Amino acid sequence: MNDADTKALEKYLKIKALAERGEPGERENARKLLQRMERKHPWIKMEAARREVKEETPPEPDRPHWSDVWRQQQESRSWQEHLRTFGSAASGAFEWASQFAGQAFSVHEAQRLAQQHVKLSIKDNNTGSLSCNIRIPPAVAQRVYQQFTDEQITVFVNTLSQRMAADLFFHIAGEEEEEEDA
C-alpha cells in the first residue's frame, strides 16, 4: 500500500468513527463522505474492516517462548530428526503460503472483474420510476459460472452490489438537490 492509499485509509477510519459516534448531523455528513470515498477507492471498505479485525484480535495467551521450546527439542532429538522436522515444517509453511496467495489472488481477480468489466446504469423512466441495469459481458459471465469458487462469487456479487448502491445513492441524492434548487 503506497503513502496516498495509507493516508486515504487513515482518513476513512477517522470519518467512519465520526459516522458511528458523532452528533446526528455529523453522522449523516460522515456517512456521505464514506460513500464518496468508497466509490473513489473501492478497496477501502474491505481494508478498513481488515484493520479493525486485526485491532480487535485479543492477544495470545502466555506461551513459552519459541527459543525455550526449541532448546527442549534440541535436547531430546538427534540432528537427523531435526532436519526431517524442519523439512516438513518448511514444506507445510510454503504450501500454506502458496494456497493463501492463490486464494487472495482469486478473490482480488473477482473484485477486479466486478469493478472494471461490468457496466452499471441507472435511468429515469417516463413513468417516474427508476431502472437499474447491470451489464455483465458474456466472457465475464462465462468465467463466473464455470471457473469461480463460492468465495469468488460472493466477492463478485458484493462488489457489484456496493457499486450499485453507491451509484443509486448519488443518482437519488443528485435528483433531490435538483428538485430543491427548482
- [ ] Please tell me the relative contact order of the chain in percent, rounded to the nearest whole number, where contacts are Cα pairs under 8 Å and at least six residues apart.
- [x] 16
- [ ] Neighbouring Cβ atoms within 10 Å as the yardstick, rank THR159, THR154 fewest first.
- [x] THR154, THR159
Open item on the list: Output wanted: per-residue J couplings in Hz (rounded whole) for segment 109-122, from phi through Karplus 6.51 cos²θ - 1.76 cosθ + 1.60, θ = phi - 60°, x for Gly and Pro.
Closed with: 4, 5, 5, 4, 4, 5, 7, 9, 10, 10, 9, 10, 9, 10
- [ ] Rounded to the nearest 10 degrees, what's the angle between the helix 150-181 long axis and the longest principal axis of the chain, both from Cα atoms, 0 to 90?
- [x] 30
Open item on the list: Output needed for the chain: three equivalent-ellipsoid semi-axes, defined as square roots of 5 times the C-alpha gyration tensor eigenvalues, in descending order, whole Å.
Closed with: 47, 25, 11
Open item on the list: Starting from a Cα-only point model with no solvent, please compute log10 I(q)/I(0) by Debye for segment 1-52 at q = 0.19, 0.24, 0.25 1/Å.
Closed with: -0.58, -0.87, -0.93
TODO: Please determine, in degrees from 0 to 90 and to the nearest 10, the orientation of helix 3-21 with respect to the longest principal axis defined by the Cα atoms of the chain, where the helix direction is its Cα long axis.
DONE: 70
- [ ] At 7 Å along the Cα-to-beta-carbon direction for both LEU168 and TRP43, put a label point, then send me their distance in nm to one decimal.
- [x] 2.7
Task: Inter-label distance, nm, simple model (7 Å from Cα along the C-beta direction), ASP68/SER161 - done: 4.7
Open item on the list: How much length would be gained if the chain were fully extended between GLU52 and ALA139, taking 0.36 nm per residue of separation minus their Cα-Cα distance, in nm to one decimal?
Closed with: 27.7 nm
- [ ] Go ahead and set up a Gaussian network model of the chain, Cα springs under 10 Å, then flag whichever of ALA17, ALA114, ALA166 fluctuates most.
- [x] ALA17
Task: Förster radius 45 Å - calculated FRET efficiency between LYS123 and GLN99 (Cβ-Cβ, nearest 0.05) - done: 0.55
TODO: Could you work out the equivalent-ellipsoid semi-axes for segment 106-182, taking the square root of 5 times each eigenvalue of the Cα gyration tensor, largest first, in whole Å?
DONE: 31, 13, 8
Task: Value of [θ]222 nm, deg cm²/dmol, for the chain, DSSP H segments ≥ 4, -39500 (n - 2.57) each, nearest 500 - done: -26500 deg cm²/dmol
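Coordinate-derived values only; no laboratory data. Every value quoted in this text rests on a predicted model; they were computed, and no experiment measured them. Methodologically, a virtual Cβ is constructed for each residue, glycine included, from the backbone with ideal geometry; neighbour enumeration extends over all protein chains shown.
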